[in-house]
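Read through the structure below, which is laid out as structure tokens, and then see the notes.
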Amino acid sequence: MNPFEQEPFLPWEKTVLSTLIKEDENLDAYWKQWSKDWEYIWPNANYDESKAGNLPLPSILVNPETGKAITSPEEWPALRQIHLKNITKIFYGELPPLPEAQEFKTIWSKDVFEGTATERLISLTLHNKGKSHTATILAFIPKADHPVPAIVAMNFPGNHGCLDDKDVPLSTWRDQQTNRGSGKSRWDFRLLTDAGFAVFTCARYDFYPDDILGRKESVFRLFYDEKELTPQSRNLTAISAWAYGYSRIREMAAEFPEIDAKRIWAHGHSRLGKTALWTIANDPEWAGAISNCSGCEGAALSRRRYGELLEGVDHLLSWWTTPACKPYAENPALLPFDAHTIIAMAAPRPILVTSAKEDQWADPMGQFLAVKAAQEIYQFLGRPTLPSQDYPKLQELLMCPSLGYYERYGIHDVTDQDWTYTLRFIEQAEKYNAQ
């Protein structure tokens, strides 16, 4: 039985929320309806595993256009492109094209952590057809006598919110003025540099302000006229803009002589966890990715009616999905792919998926089942699979050099435990790849 046909998504007629925005960008009517819908959706989410449905998943190895399965690894690249085309069309849309030029400049650099690392503030500017777009990058790079691996991870509060350093300027973006150090618990830069990793971060809103009006200030403005950057321009999604930003930062990081360009990893939490998966799917130069508590439209299966639903994302956060998503959001059984296919787009590169006990909205079981199903392509390509097919105990990092999953105690967050497990996973994956 299809669990999405049992109960209505809303007890009233669903309104296309973007149609409520006035010509002068007055959002009063929009927010009134948005809040009404959210206040029903949030408390009425299903957390009963017996009602999740677990609709059958399509095989990653089967061509959704022909119904035929591939039989050799040589056929995978062509099938991968078909999957990628479907994911692009239905979920995330196209990434922006490459700019005509990009440049970066170190604004300042100083020694930190008793002289074991440098902290740097860097401006990254993209140029296209007379337009420019600049992001500000905060970097920590350990001092070493050899190139080091790096983690690229966007942040939520702005660079100033990641630490207490008064040298890091406060954000000037609208509606993004957070307190200095407000999100510092998520960023243990010392732990990472002591482990020999550089870290590059910037605010997600440097590439796409995360709201219904965000397109006109996003990186898409380099390639489109302002009249094309409206709430209705849904093929231009925030997640693709953020993924684009991740790759431009990776390219920048690779230019630093201190960084090993072949060992740069994408890390993202929540909506940026979705982004990390989409980033590595589109850019073959990444070493691997970590998707932290990414949930629906990320590492959690859309075919499960549990916690956050794809229909909720498509309805309330329309700038994350394309207009083609709507019929699939209402009936995920129609999707020609699911989260396991999105994870598979990284293969044979390694992916770590994480979740938290008190973050049932992000569906920990749905994320584990996606990782488990993604093994199909890794095994097909001759890569290792998980040492157990059973759901791991709380706090247990279940991993092989290809894939990893764990559920820790705690809430929807990034903790030192997450960073420690990330380092353990990367160490195992790199050791295997070096053999």
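Would you mind stating whether Ile290 is of a type in the set (Val, Ile, Thr), touching a strand residue (DSSP E or B) at 6+ places or on another chain (Cβ under 6 Å), assigned by TED's automatic domain parsing to the domain that holds Ala198 and not in a loop (DSSP other than H, G, I, E, B)? It is true that Ile290 is of a type in the set (Val, Ile, Thr), touching a strand residue (DSSP E or B) at 6+ places or on another chain (Cβ under 6 Å), assigned by TED's automatic domain parsing to the domain that holds Ala198 and not in a loop (DSSP other than H, G, I, E, B).
Looking across region 7-19 at every residue that is touching a residue at least 40 places away in the same chain (Cβ under 8 Å) and of a type outside the set (A, V, I, L, M), the one that is nearest to Trp42 (Cα to Cα) is identified as Phe9. Of the residues contained in region 99-114, one or more are found to be closer than 28 Å to Cys162 by Cα, assigned by TED's automatic domain parsing to the domain that holds Arg248, modelled with pLDDT of 95 or more and in a loop (DSSP other than H, G, I, E, B).
If you go through region 228-243 one residue at a time, do you hit one that is within 17 Å of Ser123 (Cα to Cα), assigned by TED's automatic domain parsing to the domain that holds Trp319 and out of contact with any Cys (no Cβ under 8 Å at 6 or more places or on another chain)? Checked region 228-243: at least one residue is within 17 Å of Ser123 (Cα to Cα), assigned by TED's automatic domain parsing to the domain that holds Trp319 and out of contact with any Cys (no Cβ under 8 Å at 6 or more places or on another chain). When region 289-334 is filtered for residues that are closer than 30 Å to Leu397 by Cβ and among the aromatic types (Phe, Trp, Tyr), the ones remaining, listed by number, are Tyr306, Trp320. Within region 52-90, the set of residues being touching a Ser or Thr at 6+ places or on another chain (Cβ under 6 Å) and assigned to a helix (DSSP H, G or I) comprises His83 only.
For Asn331, the criteria (1) over 27 Å from Leu229 (Cα atoms); (2) free of Cβ contacts under 8 Å to residues at least 12 places away in the same chain hold in every case but one, which is (2). Any residue that is among the hydroxyl-bearing types (Ser, Thr, Tyr) and in contact (Cβ under 8 Å) with a residue 40 or more places away in the chain - is there at least one of those in region 384-398? Within region 384-398, not a single residue is among the hydroxyl-bearing types (Ser, Thr, Tyr) and in contact (Cβ under 8 Å) with a residue 40 or more places away in the chain.
Of the residues making up region 367-384, those that are outside any helix (DSSP H, G or I) and under 23 Å from the mean Cα position of the chain (by Cα) number 0.
The one condition from (1) more than 23 Å from the chain's Cα centre (by Cα); (2) within 30 Å of Leu229 (Cα to Cα); (3) loosely packed, with under 13 Cβ neighbours inside 10 Å that Asp48 does not meet is (2). Can you tell me which residue within region 273-295, out of those that are in contact with a Ser or Thr (Cβ under 7 Å, 6 or more places away or on another chain) and of a type in the set (D, E, K, R), is surrounded by the most Cβ atoms within 10 Å (Cβ to Cβ)? Across region 273-295, the extreme among qualifying residues is Lys274. Taking the criterion of being within 19 Å of Pro348 (Cβ to Cβ) and crowded, with 23+ Cβ neighbours inside 10 Å, the residues of region 399-425 that qualify are Ser402, Leu403, Gly404, Tyr405, Phe425.
Any idea which residue in region 239-273 is farthest from the chain's Cα centre (by Cα), counting only those that are part of a helix (DSSP H, G or I) and more than 17 Å from Thr201 (Cβ to Cβ)? Give the steps one after another, and end with the answer.
Of all residues in region 239-273, those part of a helix (DSSP H, G or I) come to 239-254, 271-273.
If we keep only those that are more than 17 Å from Thr201 (Cβ to Cβ) too, we end up with 239-240.
Values: Ile239: 7, Ser240: 9 Å.
Residue satisfying both the conditions and the ranking: Ser240.
Confirm whether Leu213 is in contact (Cβ under 8 Å) with a residue 60 or more places away in the chain and either in contact with a helix residue (DSSP H, G or I) (Cβ under 6 Å, 6 or more places away or on another chain) or among the hydrophobic types (A, V, I, L, M, F, W, C) (or both). So Leu213 fits the description; yes.
Kindly indicate which of Ile122, Ile70 is in contact with a strand residue (DSSP E or B) (Cβ under 9 Å, 6 or more places away or on another chain), within 28 Å of Ala281 (Cα to Cα) and assigned by TED's automatic domain parsing to the domain that holds Arg234.
On the way: Ile70 fails: assigned by TED's automatic domain parsing to the domain that holds Arg234.
Ile122 is the lone residue from the list that is in contact with a strand residue (DSSP E or B) (Cβ under 9 Å, 6 or more places away or on another chain), within 28 Å of Ala281 (Cα to Cα) and assigned by TED's automatic domain parsing to the domain that holds Arg234.
Which residues, taken from region 311-366, are out of contact with any Gly (no Cβ under 9 Å at 6 or more places or on another chain) and not in a helix (DSSP H, G or I)? Leu317, Asn331, Leu335, Pro336, Phe337, Asp338, Met345, Ala347 - these are the residues of region 311-366 that are out of contact with any Gly (no Cβ under 9 Å at 6 or more places or on another chain) and not in a helix (DSSP H, G or I).
The values are calculated or read from the model by the stated rules, or taken from the named source; none is laboratory data. Just so we're clear, the structure is a prediction, and the values are computed from it rather than from any experiment. For neighbour counting, all protein chains shown are included, and Cβ atoms are generated from backbone atoms with ideal geometry for every residue, glycine included.
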